[in-house]
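Trainee: Dropping a structure here in structure tokens format, bear with me for questions.
The values are calculated or read from the model by the stated rules, or taken from the named source; none is laboratory data. Being a predicted model, the structure only gives us computed values, none of them experimental. Don't worry about glycine lacking a Cβ; one is built from the backbone with ideal geometry, like all the others, and counts go over all protein chains shown.
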Amino acid sequence: MITNHKIEQLKQTITLLADGNWHKGPELASKLDVSRAYVWKLLQELQEFGLSFESVSGKGYRLTQALQLLDQESLQQQLAEIEVEPHLQLLTDSTNLQLKEQGFAHQKLVIAEYQSQGRGRRGRSWVSPIASNLYWSYGWRTQMPVQQLGGLSLIVGLALVEALENNGLNDLTLKWPNDLRYHGKKVGGILVELSGDASGDLKVIIGVGVNVQMEQTLGESIEQDWTSISEVCRAQALEPISRQQLLVAMVKQLQQNLSKFESEGFSPFVDAWKKVDESFGQAVTILQPEQELKGVGAGVDANGAFLLQTQEQLETIYAGEVSLRIST
Ligand code: BTN
């Protein structure tokens, strides 16, 4: 169990190093009011959470890339107008788990700088190094019956793309049902978890992970090709965008999409989906537990179900235990 005092020390250490410049051990020790040996201990711990830094004798320590921690107070200010209450933590197991176990509430936003047990779809883990990406979970209480929620993760994906586009990024795509991608590489994912009454009054946890400035070495265990927002910015000659700005833009757009979805269902989103649908017209394989279906992606229906044109017929694929592979 890490004490609050220790968490404060870890935060302060990151903040002191955040500019990406060299900082000498004695300088850090005096600013943190600890011994030099203890500075080293804090840095070792941060390294275990995925912080990358260099250390050179005579020069001290510097982060391999500059960063900025998310800030609870300004998040609160920026999200107050849409009545979202952010709960920012430095370290957690999983923001989805936290929202589930620590008092689910409508429009509650749980954010973490690091997850020790970040969870992905189909039992995978979600690589969540400290202070480099975005990990958040949003609580949404709805009276929509569960059968109408097929398009939910799609409208969340659309919110992410729209928020990124509003910040000047282009060419982001979605792979049904909910992978955010860029040029065939995964940038983000969505994990929706439901509980409550299936006929209405559902508690929905919308978990979002977006790679923002994750270093290549930290993502080595990821099984699929991946990239990050900072790479997309570099490729498109854009200035890097702060994680805080992206987070706020995404949550605002998500809230808009959710209220439209709740009143009108998925059909108003079909056109937007068409524009970013990576599988449209592509040869794809749908992997289901008991069978494999091959065909060509033919978009989605008015409920967000995937349409697969096989040699025989147009198949409708519902979300669930399916995996979609785009043949290259
Ligand atoms: C996927 O497999 O593509 C879904 C990944 C979802 C990851 C996010 S990170 C924040 C939230 N908390 C978790 O434990 N998982 C989701």
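Trainee: Residue check, Met214 against (1) within 13 Å of the chain's Cα centre (by Cα); (2) at pLDDT 95 or above, all met but one. Which one?
Mentor: So Met214 meets the others, but not (2).
Trainee: Go through region 45-132 and tell me which strands (runs of 3 or more DSSP E), entirely inside it, have 2 or more residues that are within 15 Å of the ligand (Cβ to nearest atom), among the β-branched types (Val, Ile, Thr) and on the phi < 0 side of the Ramachandran plot. Quick ask: steps written out before the conclusion?
Mentor: Values: elements: 53-56, 60-63, 85-92, 108-115.
Because the criterion is at least 2 residues that are within 15 Å of the ligand (Cβ to nearest atom), among the β-branched types (Val, Ile, Thr) and on the phi < 0 side of the Ramachandran plot, the strands (runs of 3 or more DSSP E) in region 45-132 that meet it are 108-115.
Trainee: Here is a further query. Output the number of residues of region 222-279 satisfying the condition of being charged (D, E, K, R), buried (at least 19 other Cβ atoms within 10 Å of the Cβ) and without any contact (Cβ under 8 Å) to a residue 60 or more places away in the chain.
Mentor: 1
Trainee: Can you find a residue that is surrounded by 21 or more Cβ atoms within 10 Å (Cβ to Cβ), among the small types (Gly, Ala, Ser), in contact (Cβ under 8 Å) with a residue 24 or more places away in the chain and out of contact with any Pro (no Cβ under 8 Å at 6 or more places or on another chain) anywhere in region 96-107?
Mentor: No.
Trainee: Can you confirm whether Ser30 is outside any loop (DSSP other than H, G, I, E, B) and free of Cβ contacts under 8 Å to residues at least 24 places away in the same chain?
Mentor: Working: outside any loop (DSSP other than H, G, I, E, B): yes; free of Cβ contacts under 8 Å to residues at least 24 places away in the same chain: yes.
Taking the combined requirement at face value, the residue satisfies it.
Trainee: From the list Trp140, Trp136, which residue is under 29 Å from Pro268 (Cα atoms), near the ligand (Cβ under 9 Å from one of its atoms) and not in a helix (DSSP H, G or I)? Step through it out loud before you land on a result.
Mentor: Values: Trp140 fails: near the ligand (Cβ under 9 Å from one of its atoms).
Answer to the check: Trp136.
Trainee: Ok, one more. Restricting to region 186-199, count the residues that are away from the ligand (no atom under 13 Å from the Cβ) and touching a strand residue (DSSP E or B) at 6+ places or on another chain (Cβ under 8 Å). Let's see the steps before the verdict.
Mentor: The first filter runs over region 186-199 and keeps only residues away from the ligand (no atom under 13 Å from the Cβ), leaving 194-199.
With touching a strand residue (DSSP E or B) at 6+ places or on another chain (Cβ under 8 Å) added as a condition, the list becomes 194-196.
The total comes to 3.
Trainee: Hey, another quick one. Tell me which residues, restricted to region 204-226, are out of contact with any helix residue (DSSP H, G or I) (no Cβ under 7 Å at 6 or more places or on another chain), away from the ligand (no atom under 14 Å from the Cβ) and of a type outside the set (A, V, I, L, M).
Mentor: Listed by number, the residues that qualify are Glu215, Gln216, Thr217, Glu220.
Trainee: Mind listing whichever residues of region 282-328 are among the polar types (S, T, N, Q), outside any strand (DSSP E or B) and modelled with pLDDT under 90? Explain how you work it out, then say what you get.
Mentor: Of all residues in region 282-328, those among the polar types (S, T, N, Q) come to 282, 285, 288, 291, 303, 309-311, 313, 316, 323, 327-328.
Still in the list and also outside any strand (DSSP E or B): 282, 288, 291, 303, 310-311, 313, 327-328.
Of everything in region 282-328, those that are among the polar types (S, T, N, Q), outside any strand (DSSP E or B) and modelled with pLDDT under 90 turn out to be Gln288, Gln291, Ser327, Thr328.
Trainee: If I filter region 143-150 for residues that are out of contact with any Phe, Trp or Tyr (no Cβ under 6 Å at 6 or more places or on another chain), within 16 Å of the ligand (Cβ to nearest atom), aliphatic (A, V, I, L, M) and in a helix (DSSP H, G or I), do I get at least one hit?
Mentor: no
Trainee: Taking Leu180 as the residue in question, decide whether it is within 11 Å of the ligand (Cβ to nearest atom), under 22 Å from Gly299 (Cα atoms) and surrounded by fewer than 24 Cβ atoms within 10 Å (Cβ to Cβ). Give the steps one after another, and end with the answer.
Mentor: Values: within 11 Å of the ligand (Cβ to nearest atom): yes; under 22 Å from Gly299 (Cα atoms): yes; surrounded by fewer than 24 Cβ atoms within 10 Å (Cβ to Cβ): no.
When the stated conditions are applied, Leu180 does not pass them.
Trainee: Let me ask something additional. Please give the number of the condition Thr64 fails out of (1) touching a Phe, Trp or Tyr at 6+ places or on another chain (Cβ under 8 Å); (2) under 18 Å from Glu8 (Cβ atoms).
Mentor: All conditions pass for Thr64, except number (2).
Trainee: Next up: State the number of residues belonging to region 65-89 that are surrounded by fewer than 19 Cβ atoms within 10 Å (Cβ to Cβ), modelled with pLDDT of 95 or more and either touching a Ser or Thr at 6+ places or on another chain (Cβ under 7 Å) or under 24 Å from Gln216 (Cα atoms) (or both).
Mentor: Total satisfying the criteria: 1.
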